[in-house]
Amino acid sequence: MEELLLEELSTKARDTSLVWLFALLSLPVLSFYIVLTLNARNLPEMDDYDAILHFITQFTRTPGVSQKISYFIAFQHVQYKLWFEHAVVLLDYAITGKVNFLLLQQIGNAFVLLIAGVLWLMFRPPSRTKAERLLLFGPVLFLLFAPRYEETLDWAMAGLQNLAVLFFSMICVYLCGRKSNIAFVGACLAEVLAISSSLNGFGVAVICAAFFWQRGRKWWAVSCSLLALGALPLYAYHYTAVAPEITLAPHEAVWRSLLLPIAFLGGALGKQTAIAIGVVLVSGVAFLTWKRWYVADPTTMYAAYFVVLTGIGLGIARHDGGLSSAFASRYYIYSQLLIILVYTGVLRIYLVRLRESRWAKLSLSAFLACTLLFCVSSQVAEFRKLHARMTAIHDHYVGWVKTPAAVQLVSDQFIERPRPERDAYNAHAVKEFQEARAKGLYSPPTE
């Protein structure tokens, strides 16, 4: 076995093996960011027109500091208040004098690497050596850097919302598991940033309060709750509720609200297997909890609870849209993350026993191979989609610049046939695009 071989090697040889193993596991990460960097464009896409261009044009037009603060708090995109994202946009504007979508895309993409760093901190299986821990961490990297959530990548608005809230929520849960006062302050800060990133950031406040309460830190639990309650009036400030797309019968609304979270949590491999995988993952979370996951590794358990809670929230908020609401590519990262956390919980509870079984060792090896295959195949397939999407956005813009009378600038350029129901938003998007460009707030590519 590899473990016995490593024990016989010298310290220098072990270090060399560790370096090579780290280098091999880093290859999917490097390919991930190389492709994203090569395909990024300084062009807005879909919700960027409203969430970023409309925000910055109106913000610069608003007079006075108090009015600007009021506008910042009140601005709403669909049902979200994207305070963190808008803070990043304003920082970009303050430093460069313009909005740079290329930079915003790269900041959003970087949150995937930050999430990987938090998962490494959480990853504490009872491994014998550093090499074994690193090898067991392989499936975590392969699952996370399989870009099934391609829609979120190289998209400024989505990256700064969806990926940011995941990172801040994961680091918040991790810090809740630490004992120092500094960690508590860090957890509170991360909670605030999670809430500022997206609506489901409020869920991490519930998770952290429960985590602190379990650990006997009741005043810390109360403090986390008060932070979230304090943010609610700010969220409610000039908030406009989004009307449901359709009105459903009560029994159908309940059924969809139950089924949609399962599909959301199981979407890693696509809609064909979403329900089955979702049932397996939720059952896995319940089983591990029954096996005292909260004692063996409460940090990963509460992180998994956050993902499940997000799925429940989506089921309640998006039930009128049907199961298709769960199959947006940007949501697949939640399913991949839940697989990672369940895998981590299994290792934490069962790794010692797994070493004693030859079949278990073969199963772990097979899982490592399957996740590697999943990562490679996903990068090949999804990055083709990303390249096609970003190329279409660029080519459509170039066509509009050259022949504005013949080509309509629309917010969803990568869709071959613009949807009629988006005509009103497309008109709004063109207006914001032209106004931002005229004011010098945004300079698109010249060709």
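Among the residues of the range 294-320, those identified as hydrophobic (A, V, I, L, M, F, W, C), more than 10 Å from Pro261 (Cβ to Cβ) and modelled with pLDDT under 90 are Val295, Ala296, Ala317. Basic (Lys, Arg) and either farther than 20 Å from Thr344 by Cα or modelled with pLDDT of 90 or more (or both) - does that describe any residue in the range 127-146? Within the range 127-146, not a single residue is basic (Lys, Arg) and either farther than 20 Å from Thr344 by Cα or modelled with pLDDT of 90 or more (or both).
Checking Arg148, Arg178, Arg124 one by one, the residue that is closer than 25 Å to His394 by Cβ and part of a loop (DSSP other than H, G, I, E, B) is Arg148 and no other. Answer yes or no: is there a residue in the range 58-70 that is touching a residue at least 12 places away in the same chain (Cβ under 8 Å), in contact with a Lys or Arg (Cβ under 9 Å, 6 or more places away or on another chain) and either among the small types (Gly, Ala, Ser) or within 30 Å of Ile340 (Cβ to Cβ) (or both). No: the range 58-70 contains no residue that is touching a residue at least 12 places away in the same chain (Cβ under 8 Å), in contact with a Lys or Arg (Cβ under 9 Å, 6 or more places away or on another chain) and either among the small types (Gly, Ala, Ser) or within 30 Å of Ile340 (Cβ to Cβ) (or both).
Residues that are part of a helix (DSSP H, G or I) and among the acidic types (Asp, Glu) were ranked within the range 427-447; the one that is farthest from Phe55 (Cα to Cα) is Glu435. Within the option set Gly203, Gly216, Gly186, Gly177, being within 15 Å of the chain's Cα centre (by Cα) and within 24 Å of Tyr294 (Cα to Cα) holds for one residue only, Gly203. Of the residues making up the range 163-179, just one is out of contact with any Gly (no Cβ under 9 Å at 6 or more places or on another chain) and small (Gly, Ala, Ser), namely Gly177.
Scanning the range 75-95 for residues that are of a type in the set (Ser, Thr, Tyr) and under 23 Å from Pro233 (Cα atoms) turns up just one, Tyr80.
Summed over the range 342-387, residues that are basic (Lys, Arg) and in contact with a Pro (Cβ under 7 Å, 6 or more places away or on another chain) total 1.
The values are calculated or read from the model by the stated rules, or taken from the named source; none is laboratory data. Just so it is clear, the model here is predicted, and its values are computed rather than measured. Note that we place each Cβ from the backbone using ideal geometry, even for glycine, and neighbour counts take in every protein chain shown.
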